[in-house]
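Structure record follows, encoded as structure tokens.
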Amino acid sequence: MLGMKERPLPGDRPKALRLNRQTGMVMGMIVILALLPLALGDSNYTMRLLVVSMIWGGVAIAWDLLLGYAGIFNLGQIGFFAIGAYTSAMLSENAGINPWWGLLAGAATGGIIAVLIGLPCLRLAGIYIALLTLAFYEVLAPLLTVGAAIGTGGKRGISPVTPYSIGGYTFSGSNQVPWYYLALGLFIVCLVVGFFAINSRFGTSFVALHDSESFAQSLGISRYKVSLLIVGLSGLMTGLMGAFYAHYTGVVSPRVLGLEVFIYLVIMVLLGGVGKFPGPAIGAFVIIFVSDWLRGFDRWRLLIFGALVVIIVMVAPRGMMGAIDSVQAAVRRRRESRPVEPGAEETP
Amino acid sequence: MREFIEVLITGITIGIVYYLVAVGFTLCYGVGRVLNYAYGSFFTWGAYLAWIIAVGYASLNYFLVFIIVLPIMFLMGLAVDQVIIRPLRSRPEFEFSVLLATLGLAVFLDNLVLVIFGPRTKSLPAFLEGSITVGGFTISWQLLAMFAFALVVAVVLFVFMAKTRTGMSMRAVAQDPVGARIVGIPLFRVFAVTFGISTLLCGAGGILLAPRFFMTPLGGWTFLVKALIIVIAGGLGSLRGTLYASFMLGILEAIVGWKLGLLWVMPFWFLVLFVILLFRPAGLFGATARKG
């Protein structure tokens, strides 16, 4: 343990502003996204795709915190999204509350429900978590359908949902710029929360638990507590994006719980790289644009995506970012195995 | 009262078919540690293959449908195991990789059905028309036939597991894969056969239930979730637990469907599952779900 004194442990302080690939990519993404509307000008269509990408990018980051970092196989993430969306939409349509509060309420409800689901689930072994959260996800759509009495709108859902307005200005579909920057703001919230969750003492505790559970526990890290915290955090981020989504699209219905949405999210995270922050967010952008590009194929699109999920799992289980990693590692190995120049080793 | 007993009979019949479907799912996990999320799609494929043979392209009778479709389902299962699952077995996070891979497979298979057969619902005709009245109770022949078929399959499965060499090696692998390997049981062959049998059972369930529910390309998901709930309630990997849970939930489904409508079935199932897990986190007969 003596040698450890000079080298700070990964969790000792947030290495937030040290420049590495992760910070570089996060900063780069924020700068590019902030400047992109200048280049795109009035291309509403592309802007719309970008807004949708940012929504799902945020959800993908939130989900990856659980899948890739905490090792919690939660399959009900879309459920938290739907709960955020329904909360915000129901508050603004049934109770007449300003949609801006809906963002907070949606995030809060998403987080609370996530913790409530987590309370029993996290005591169980990994595979049971996957089963129970999937059951939660699958049962939510029928519940929302029969829940017309409490204002979920039954099978048709809630439509229209009031858009945001600020000052005297009301957001509308014809001008995407305000939507875009609002989405960017929320996306940055997700990026920053994800970044600090991973790079703080909190995130390091998962590394510790993964490396040696008993040693980590002897240092006072309780898996149950940190898991519960990260599940709540993930639910919070997902609910926030859900709330925004409801007002952005102007409609919430049980269809958001459909298989199509679920498989899109799965493939975003997989393609970006499980446990490779911020890969999943990049995966979201790629998938939304590819999916738009493939829209002529209609029924074949999901067929292709389904096959793609199988192929990624089998060939590149850590996605794009994992592929970059292995290329880098291969390059480094090659460089190291190169014969050492004479005299290089003769330092005192 | 008479109506109630008829509902009860329906419930028991559904229960035994659910048992077939759920037992395949739990077998697959118990023996091979595979959680097969494409299970619902195999259900759909069983039903659609039966439709091709019985309605779409030929009108053979049901006996032949079973004889033709079940081996196809078995081979499909073998193929999936060899191509997708076997290469993943060396991974450290095997269970999760399989879960994602089969999820992708499910979407692929479902949309293949959609592309081939179109989105419109299809239905299989009843096996047998008419009904029989015994001691004042009216039971349709259809229900009786369903019960008989399912019972035969269930008994064959039971005998297979208890008496044959393959069945016994499956049980051995479920108890202790390493020990099974030491005594010379070919693990990968047992995994493959288990997967094949599980898809076969699922396909049989698909054929039996298709005349009762309409067939749609995405219809299999309902049955995946039902199988999931039964299996968790009974205890993952436990055959006995699966048996009790499927009858319990089958009867519950019949009663809820009769009193409140089919839309309420899933919420009630979930409620029951929740209550069971509250008191027994590993399900009725599960060994242990808690970690450590």
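The values are calculated or read from the model by the stated rules, or taken from the named source; none is laboratory data. These numbers come from a predicted model, not from an experiment. Neighbour counts are summed over all protein chains in view; Cβ atoms, including those assigned to glycine, are modelled from backbone coordinates with ideal geometry.
Below is a table of values for the structure above.
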{"item": "Of all residues making up region B:121-142, the number that are assigned to a strand (DSSP E or B) and hydrophobic (A, V, I, L, M, F, W, C)", "result": "4"}
{"item": "Failed item, numbered, when B:LEU60 is tested on (1) surrounded by 14 or more Cβ atoms within 10 Å (Cβ to Cβ); (2) in a helix (DSSP H, G or I)", "result": "(2)"}
{"item": "Residues (at pLDDT below 85 and more than 14 Å from chain B (Cβ to nearest Cβ)) located in region A:277-301", "result": "A:PHE277, A:ARG295, A:GLY296"}
{"item": "Residue within region B:160-173 that is part of a helix (DSSP H, G or I), within 30 Å of A:VAL309 (Cβ to Cβ) and away from every other protein chain (no Cβ under 14 Å) present", "result": "yes"}
{"item": "Of all residues making up region B:257-274, the number that are within 12 Å of chain A (Cβ to nearest Cβ) and without any contact (Cβ under 8 Å) to a residue 24 or more places away in the chain", "result": "10"}
{"item": "Selection within region A:222-275 - of a type in the set (S, T, N, Q), farther than 17 Å from A:VAL193 by Cα and more than 14 Å from every other protein chain (Cβ to nearest Cβ)", "result": "A:THR249, A:SER253"}
{"item": "Matching residues, region B:97-137, being within 14 Å of chain A (Cβ to nearest Cβ) and basic (Lys, Arg)", "result": "B:ARG120"}
{"item": "Residues satisfying the stated conditions in region A:104-126, i.e. of a type in the set (A, V, I, L, M, F, W, C) and touching a Ser or Thr at 6+ places or on another chain (Cβ under 6 Å)", "result": "A:ALA105, A:LEU122"}
{"item": "Unmet criterion (only one of (1) at pLDDT 85 or above; (2) surrounded by 18 or more Cβ atoms within 10 Å (Cβ to Cβ); (3) farther than 21 Å from A:PHE136 by Cβ) for A:LEU209", "result": "(1)"}
{"item": "Filter result for the condition that a residue is over 30 Å from B:ALA145 (Cα atoms), more than 8 Å from chain A (Cβ to nearest Cβ), of a type outside the set (Lys, Arg) and assigned to a helix (DSSP H, G or I), over B:VAL65, B:VAL83", "result": "B:VAL83"}
{"item": "Residues of region A:61-79 satisfying the condition of being in contact with a Leu (Cβ under 9 Å, 6 or more places away or on another chain), under 19 Å from B:GLU93 (Cβ atoms) and part of a helix (DSSP H, G or I)", "result": "A:TRP63, A:LEU65, A:ALA70, A:GLN77"}
{"item": "Complete set of residues in region A:90-146 that are within 14 Å of chain B (Cβ to nearest Cβ) and among the polar types (S, T, N, Q)", "result": "A:THR133, A:THR145"}
{"item": "B:GLY237, sole failed condition from (1) closer than 22 Å to B:VAL80 by Cβ; (2) within 14 Å of chain A (Cβ to nearest Cβ); (3) assigned to a helix (DSSP H, G or I); (4) not acidic (Asp, Glu)", "result": "(3)"}
{"item": "Residues satisfying the stated conditions in region A:147-192, i.e. among the aliphatic types (A, V, I, L, M), modelled with pLDDT of 80 or more and in a helix (DSSP H, G or I)", "result": "A:VAL177, A:LEU182, A:ALA183, A:LEU184, A:LEU186, A:ILE188, A:VAL189, A:LEU191, A:VAL192"}
{"item": "Boolean, B:LEU109 is surrounded by fewer than 15 Cβ atoms within 10 Å (Cβ to Cβ), touching a residue at least 24 places away in the same chain (Cβ under 8 Å) and in a helix (DSSP H, G or I)", "result": "no"}
{"item": "Tally of residues being in contact with a Pro (Cβ under 8 Å, 6 or more places away or on another chain) and small (Gly, Ala, Ser) across region A:146-164", "result": "1"}
{"item": "Which listed residue is hydroxyl-bearing (Ser, Thr, Tyr), touching a residue at least 12 places away in the same chain (Cβ under 8 Å) and either more than 12 Å from every other protein chain (Cβ to nearest Cβ) or under 30 Å from A:GLU213 (Cα atoms) (or both), from B:THR222, B:THR242", "result": "B:THR242"}
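Yes/no per residue for (1) among the aromatic types (Phe, Trp, Tyr); (2) over 14 Å from the mean Cα position of the chain (by Cα):
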position	(1), (2)
B:PHE191	yes, yes
B:PHE195	yes, no
B:SER198	no, no
B:LEU201	no, no
B:ALA227	no, no
B:VAL231	no, no
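Here is a yes/no grid of residues against (1) under 30 Å from A:ALA216 (Cβ atoms); (2) among the hydroxyl-bearing types (Ser, Thr, Tyr):
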| residue | (1), (2) |
| --- | --- |
| A:PRO37 | no, no |
| A:ARG48 | no, no |
| A:SER53 | no, yes |
| A:ALA62 | yes, no |
| A:GLY71 | yes, no |
| A:PHE81 | no, no |
| A:TYR86 | no, yes |
| A:ILE97 | no, no |
| A:LEU103 | no, no |
